[in-house]
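The block underneath contains the structure these notes are about, expressed in structure tokens.
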Amino acid sequence: MAEAQTGRRRAKKPRLAVWKFTSCDGCQLTLLDLEDELLAIAEALEIAYFPEATSRPLRGRYDLSLVEGSITTPEERERILEVRRRSRHLVAIGACATAGGIQALRNFADVAEYARIVYARPDYIRTLASSTPISDHVPVDFELRGCPIAKHQLLETVAAFLHGRRPHIPTHSVCAECKLAGNACVLVGAGTPCLGPATRAGCGALCPSFGRGCYGCFGPMENPNPPSLSDRLAALGMEKETLRRFWRSFNAGAPDFRRESARHGP
């Protein structure tokens with residue numbers, strides 16, 4: 001009887017799947033970097049599909065799917081539909097999955113021309129003209145930003161879905177983290193270009209803590225004001241072309257950053 005009850009409890013463990021699309025693998029590896037918490041996650045969840053961690057995938061449906069990477073090929077466009085069908089909850093993780101990633105720079109150029117320049121046989125390349133986030137193709141239950149995502153935010157997200165609640169992830173700017181860390185503002189104090197006023201918190205103000213400007217790894221904060229930041233940077237001497245490139249990095253495809261970069265050139 002005890003063995004039967006134990007078997008039923010094990011069968012009820014939620015099933016976790018981790019999927020990769022066009023990306024560098026850094027965000028899904030954050031799960032393996034949880035170290036002390038990883039055993040607790042493995043105890044609470046059945047890791048049913050995770051090619052980076054196991055060679056024995058379990059087929060079927062999944063309670064929680066973490067999806068890394070953007071959609072850049074026709075095959076990926078079809079595969080994400082299948083992932084969504086098999087997932088009760090789907091969370092997009094990282095800048096690639098939530099904004100198209102650094103590869104979304106292709107969205108401002110001619111991909112066919114890139115293929116001709118880079119590949120000896122461009123006719124072998126099957127790719128889409130743009131790199132798009134997961135939410136452009138299927139409904140997403142939650143988006144976890146970052147390049148890569150933060151370990152503590154990933155842990156909070158997994159715990160939230162285990163307990164049937166919304167993850168408590170901040171939407172304010174990196175500036176708030178700088179204040180909490182006691183940092184002097186690199187933009188105001190040193191005139192250092194910084195995306196912190198428009199970027200979502202999550203990194204603990206890592207770059208400003210070392211006197212460097214924020215690079216916008218976590219994408220736009222809630223209700224940012226990019227034109228105001230651009231005006232400040234222009235007043236400090238940043239030229240229009242540099243401003244355009246300033247907004248086009250890890251989250252170039254995020255709507256707020258994309259619109260602001262377009263104001264400064266094609």
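Computed from the coordinates by the stated procedures, all read-outs in this text should not be read as laboratory data. Computed from a predicted model, the values in this text were never measured in an experiment. FYI the Cβ positions are ideal-geometry reconstructions off the backbone, even for glycines, and counts take in every protein chain you see.
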Along the stretch 211-219, what does the Karplus equation 6.51 cos²θ - 1.76 cosθ + 1.60 (θ = phi - 60°) give for ³J(HN,Hα), rounded to whole Hz, x for Gly and Pro? x, 10, x, 5, 9, x, 4, 9, x
For VAL18, other-chain or 5+-apart residues with amide H closer than 5 Å (H placed, Pro excluded) are TYR49, PHE50, LEU66
Taking amide hydrogens as modeled 1.01 Å from N in the peptide plane, which residues meet the under 5 Å criterion relative to HIS264, leaving out close sequence neighbours? none
Short version: ³J(HN,Hα) in whole Hz for each residue of the stretch 167-179, in order, from phi by Karplus 6.51 cos²θ - 1.76 cosθ + 1.60 (θ = phi - 60°), x for Gly and Pro, what are they? x, 8, 10, x, 10, 7, 8, 4, 4, 5, 5, 4, 5
Ranked list, fewest to most other Cβ atoms within 10 Å of each Cβ, for VAL111, VAL83, VAL118, VAL18: VAL118, VAL111, VAL83, VAL18
Assigned charges on the beta-carbon of Lys, Arg, Asp, Glu; the stretch 158-252 dipole about Cα centre (debye): 180
In the chain, if the dipole is taken from +1 on Lys/Arg beta carbons and -1 on Asp/Glu beta carbons about the Cα centre, which of CYS203, ILE117, THR72 is farthest to the positive end? THR72
If you take all C-alpha pairs in the stretch 155-250, what percent of them are over 22 Å apart? 32
So for the stretch 56-146, averaging the separation of alpha carbon pairs under 8 Å that are six or more residues apart and normalising by length, what relative contact order in percent results? 40
CD proxy at 222 nm, helix term only [per DSSP H run n ≥ 4: -39500 (n - 2.57); per residue of the chain; nearest 500]: -10500 deg cm²/dmol
Amide hydrogen neighbours beyond the local backbone of HIS89, cut-off 5 Å, H modeled: LEU64, SER65
Using θ = phi - 60° and Karplus 6.51 cos²θ - 1.76 cosθ + 1.60, couplings along the stretch 60-75 (whole Hz; Gly, Pro as x): x, 9, 10, 6, 9, 10, 9, 10, 9, x, 9, 9, 10, 10, x, 5
Where GluC sites (Glu not before Pro) fall in DSSP loop in the stretch 125-223, at most 10 other Cβ within 10 Å: GLU222
Could you pull out every one of the lysines with an alpha carbon less than 24 Å from that of LYS179, ignoring same-chain neighbours closer than 8 positions? LYS151
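Contact order normalised by length for the chain, with contacts defined as Cα pairs under 8 Å and 6 or more residues apart; what percent is it? Walk me through the numbers before you get to the answer.
On the way: 482 pairs, mean separation 44.1, N = 266.
Contact order relative to length: 17 percent.
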Putting +1 on Lys and Arg Cβ atoms and -1 on Asp and Glu Cβ atoms, find which of PHE50, GLY191, GLY101 reaches farthest to the positive end of the dipole of the chain. PHE50
Could you size up the charge dipole of the chain around its Cα centre, putting +1 on the beta carbon of Lys and Arg and -1 on that of Asp and Glu, and report it in debye to the nearest 20? 560
Compute the relative contact order of the stretch 124-195 as a whole-number percentage, counting only Cα pairs closer than 8 Å that sit 6 or more residues apart in sequence. 12
